[in-house]
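The values are calculated or read from the model by the stated rules, or taken from the named source; none is laboratory data. Because the structure is predicted, anything quoted here is derived from the model rather than measured. Here the Cβ positions follow ideal geometry from the backbone for every residue, glycine too, while neighbour counts run over all protein chains shown.
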Amino acid sequence: MVNAEKIVTGLIVVVVAIAIFSLFYVSKYLFFPLNNPSIDANAVANPMGQKMGRMSLTSFDTALAKELMDKNNDGKCDSCGMPVDLCISSGQLQCNMDSKSTIGILESQHIHADWKVYINGIELDFSDKSHMERMQSNKPVSSFIHVDSGSPSPEKTGDILHMHATGVPLWIFFESIGLDFNKDCIILDNKEKFCNDGNKKLRFFVNGKENDEFENYVFKDLDKILISYGSDSEEELRNQLASMTDFAKNH
């Protein structure tokens, strides 16, 4: 009996030791995935089972993450109680432990949408808003949603929206490059405002159909998005819709 008890006790000790050892390494990889050279960062999962890749949060993303996760500014995530920097280091913009969280971890997906913005009949140019160029110039930009450069002609920088996580709303893109967009106004980075009034209206279309989600819209892969402000006739709107590119399918 004594020997049997010793064997059982020994097995329990081994199981507990293995559990503690496993918990240590899972926690280490969970919160410091990019600092561990022995693993592939693309294979690291967060608590919700999503994967974090090789992209990193920008300074804009980090500031927004702290604003979303640490509203009382005590350095801890309001939802899970962990140091907010640990949540950020695992690629979170919102705490994935929060049941109300809608934005996934960075690199949880990579999808694309064709899009255009017209103001008073003139198409806005986003060619100077590229993710890489803005990072190199220390200008605000988001890794979660952005436009990119480097695609072959006839596609131009700014023609395609890239989303690198699940559930990222459009307002994050606009805010990241110094613009503002909602159902009432679009405000450019020079602070020029274009708002609904008696004669002119801001309209939002997805795949040719008017949509009322505006800045809160989370685009789907291969969507075609049109934002139009002005007193455009239905014919002019049809022409704008017809001008939509079809480059997203090439990514």
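Structure values in brief
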| item | result |
| --- | --- |
| Those residues of region 167-192 which are outside any helix (DSSP H, G or I) and more than 20 Å from Asn211 (Cα to Cα), in sequence order | Ile177, Gly178, Leu179, Leu188, Asp189, Asn190, Lys191, Glu192 |
| Close pairs (7 angstrom Cβ cut-off, 6 or more residues apart or separate chains): part of a strand (DSSP E or B) in region 220-243, polar (S, T, N, Q) anywhere | Asp223/Asn207; Lys224/Asn207; Leu226/Gln240; Ser228/Gln240; Tyr229/Asn120; Gly230/Asn120 |
| Residue match in region 193-207 (condition: out of contact with any Lys or Arg (no Cβ under 8 Å at 6 or more places or on another chain), surrounded by fewer than 18 Cβ atoms within 10 Å (Cβ to Cβ), under 19 Å from His131 (Cβ atoms) and not small (Gly, Ala, Ser)) | no |
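Residues checked against (1) small (Gly, Ala, Ser); (2) modelled with pLDDT of 95 or more; (3) out of contact with any strand residue (DSSP E or B) (no Cβ under 9 Å at 6 or more places or on another chain):
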{"residue": "Ile103", "(1), (2), (3)": "no, yes, yes"}
{"residue": "Gln109", "(1), (2), (3)": "no, yes, no"}
{"residue": "Trp115", "(1), (2), (3)": "no, yes, no"}
{"residue": "Ser130", "(1), (2), (3)": "yes, yes, no"}
{"residue": "Pro140", "(1), (2), (3)": "no, yes, yes"}
{"residue": "Val147", "(1), (2), (3)": "no, yes, no"}
{"residue": "Ser153", "(1), (2), (3)": "yes, no, yes"}
{"residue": "Val168", "(1), (2), (3)": "no, yes, no"}
